[in-house]
There are 2 protein chains.
Amino acid sequence: MVTIKQIADLCGVSRGTVDRVINERGNVKTETRNLVLNMIKKLEYQPNPAGKALSARKHNPVVGILIPAKGNPFFDDVIRGIKTAAEKYKIYGLNILLHSIRGYSTEAQLQILAKLKGKINALIINPINDPLIINKINEFVDSGVFVVTLNNDADESRRHCYVGTNYVNGGETAGALLQMITKEKANIGIIMGSSKVLGHRQRLEGFKYNINKNPDFKIVDIQENDDDDICSYDKTKEMIMHHPEINVLFIVAAGVYGACRAVLALNKQDQLTILAFDTVPTTVEMMKKHIIKAVIYQHPYRQGQRAMQLVFEYLVNGISPDKSKHIMKNEIKILENL
Amino acid sequence: MVTIKQIADLCGVSRGTVDRVINERGNVKTETRNLVLNMIKKLEYQPNPAGKALSARKHNPVVGILIPAKGNPFFDDVIRGIKTAAEKYKIYGLNILLHSIRGYSTEAQLQILAKLKGKINALIINPINDPLIINKINEFVDSGVFVVTLNNDADESRRHCYVGTNYVNGGETAGALLQMITKEKANIGIIMGSSKVLGHRQRLEGFKYNINKNPDFKIVDIQENDDDDICSYDKTKEMIMHHPEINVLFIVAAGVYGACRAVLALNKQDQLTILAFDTVPTTVEMMKKHIIKAVIYQHPYRQGQRAMQLVFEYLVNGISPDKSKHIMKNEIKILENL
DNA sequence: TTGTAGGCGTTATCAA
DNA sequence: TTGATAACGCCTACAA
């Protein structure tokens, strides 16, 4: 393990000069610069994160976090992952400014972002795909803030990293699983959050892609519940009543509890195979009651943890992420392996 | 964030004294000791891992690793996880001595352990549950070595940590999944590694527990293949020929490829639902050919990574593990979410 | 353009 | 029994 001091000694210059070369601070003669650079390459110099971390204590870096988690239990685990990681990193002087807001509103997000401006060194955000937000993200990036998009990407922006899942694959997996667990023919009713949400559309796309291969599987109806349980309850009830042939219910986003309650209200639980996403407490409850057969799980805790880890490594250890997309696998959860 | 220096100043003693108290090096008057201890408690002092890491560079800690990985592709991913993590920690001065051996032999394990004695500060081991090995593990622990058991526990020993899965639950999950994907009745043939291996016995136990709830599911035959593909091929062939009523094949350990080849040789692939463990390349191949329906996955990469992480945090950051068992979930993998 | 020196927090050695 | 000091690797302000 080579250190700056060693490089300096071997090049016959001071540590300061080597540091200037490494961190591109300028004010180094081209010759000495090249000398140092060659030595660095030759000895495969790598900065020691512990040294950096210690040195970084003087900055007290701050991470701004913006997540529309209020009223959406999926994010509870994401936030738990964030907070656990934050606690671990606190000792290094890394602090967080956590903003959990309710629902998806460009206006609200912009407001929080304005508040965070100038106060943070990194930003973790579950962004709306709105040009105004994209724009703000780019502004943060330009001002040197490290930006991680969480659970929903904004790849039109210049964010450094995305942590989340492959939504298309989530739908495909659900579709394949459904074909495994369904005896004979399936008439599928779909309840989705909103076709305005990219992730929901992609899941549906993946699901359809896999389902359409099988002539015994038909999608009978698709309704949107806006991720709201009451709306979900009404829409599901209506759907099942209008289409008594439905024997599979696929719930693509939130509102799982409302949909299940509708099934129970109609006493249809024994005639329906229900598939959903995520293991929020109410969903687990419905799995325990054998109402929901299986769900697709997107590692929410690890998503939160990973986002914080990336920020920590960048800000404190001076390590840039090795890849820009950190994708969690879509797992299949049944009651037994929750 | 309080530092040793601050504690020292507030107590009117030197940093050296505070360090002596914290690390219980003795040679401190009881009064000053209590003074310091109270201050530490009051200010909730927590050591800064970066400081420790920097200081630890002087020791150049070494991790011994002993895994019977040769000829067992399951461990390829475990080792990949170990090596990736080791690479990351190299810069901190942490080095590894990796011993990958072939097969499970107490003698061979003892030999390696003897070789490692005195050379290592931590040990990661996939141990045989033999009193001789347990004894050696305890010797290492007593001499101050941090010991992590990997993928197979030795909880009769005083090892610090176990990283692995819950085998009983793996079997239960497989059993539950099987009941979901099987139409009507199932006559199950089971190929297991060896009843001498605790993990295999536990998987079988969990599987039976779940299967026995359902009168339509019967276990027809159980054979052991000693984790060997050729043996697996022969035993499976024989089993299927002797029991033409078998319509489900459950492979509890290695030898998946051999078993599948037997099925193919008998041209039985369309009449059998096959379930197995782990996603080794040959198993994935069989999944792509639609011979194997699903497998239970035990996060091998993460197991290796986690074991190294625990060692790193202990040796370099001076952080003791928060729990003694680090259990990975049993995941269900189908072709789509591999 | 380059070098020096001090500090981040912890540990270890030596002197008192 | 205690204190002073240097070292781990990096960064930065200031001096040359």
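Quick notes on this structure:
- When segment A:50-82 is filtered for residues that are closer than 22 Å to A:G164 by Cβ and without any contact (Cβ under 8 Å) to a residue 60 or more places away in the chain, the ones remaining, listed by number, are A:P68, A:A69, A:K70, A:G71.
- Residues in segment A:2-32 that are crowded, with 17+ Cβ neighbours inside 10 Å and more than 14 Å from every other protein chain (Cβ to nearest Cβ): 9 in all.
- Breaking point among (1) buried (at least 18 other Cβ atoms within 10 Å of the Cβ); (2) within 13 Å of chain B (Cβ to nearest Cβ); (3) of a type in the set (K, R), for A:K52: (1)
- Scanning segment A:24-51 for residues that are under 28 Å from B:F312 (Cα atoms) and either near DNA strand C (Cβ under 9 Å from one of its atoms) or at pLDDT below 90 (or both) turns up A:A50, A:G51.
- Restricting segment A:112-135 to residues that are over 21 Å from A:E156 (Cα atoms) and without any contact (Cβ under 8 Å) to a residue 40 or more places away in the chain, the residue that is surrounded by the most Cβ atoms within 10 Å (Cβ to Cβ): A:K115
- Those residues of segment A:228-242 which are more than 28 Å from the chain's Cα centre (by Cα) and over 10 Å from A:I191 (Cα atoms), in sequence order: A:D234, A:K237, A:E238, A:I240, A:M241, A:H242
- Within segment B:272-296, tally of residues that are part of a loop (DSSP other than H, G, I, E, B), among the charged types (D, E, K, R) and touching a strand residue (DSSP E or B) at 6+ places or on another chain (Cβ under 8 Å): 1
- Close pairs (7 angstrom Cβ cut-off, 6 or more residues apart or separate chains): among the acidic types (D, E) in segment B:245-258, surrounded by fewer than 23 Cβ atoms within 10 Å (Cβ to Cβ) anywhere: B:E245/B:N187; B:E245/B:V220
- Any chance A:L198 is assigned by TED's automatic domain parsing to the domain that holds A:M286, surrounded by fewer than 16 Cβ atoms within 10 Å (Cβ to Cβ) and not small (G, A, S): yes
- Number of the exception - A:N214 against (1) surrounded by 16 or more Cβ atoms within 10 Å (Cβ to Cβ); (2) within 14 Å of chain B (Cβ to nearest Cβ): (1)
- Unmet criterion (only one of (1) out of contact with any Leu (no Cβ under 9 Å at 6 or more places or on another chain); (2) within 14 Å of chain A (Cβ to nearest Cβ); (3) modelled with pLDDT of 95 or more) for B:K183: (3)
- Per-region count, segment B:297-334, residues assigned to a strand (DSSP E or B) and away from chain A (no Cβ under 13 Å): 2
- Residue in segment A:224-243 that is without any contact (Cβ under 8 Å) to a residue 24 or more places away in the chain and out of contact with any Ser or Thr (no Cβ under 7 Å at 6 or more places or on another chain) present: yes
- So A:N337, is it within 13 Å of chain B (Cβ to nearest Cβ) and either surrounded by fewer than 21 Cβ atoms within 10 Å (Cβ to Cβ) or more than 21 Å from B:V295 (Cα to Cα) (or both): no
- Matching option when the condition is within 11 Å of another protein chain (Cβ to nearest Cβ) and of a type in the set (G, A, S), among A:A294, A:A276: A:A294
- Looking across segment A:1-23, the residues that are near DNA strand D (Cβ under 9 Å from one of its atoms) and not in a helix (DSSP H, G or I) come down to A:M1, A:V2, A:T3, A:S14, A:N23.
The values are calculated or read from the model by the stated rules, or taken from the named source; none is laboratory data. A quick note: this is a predicted structure, and the numbers were derived from the prediction, not measured. Here the Cβ is made from the backbone with ideal geometry for all residues, glycine too, and neighbour counts use every protein chain on show.
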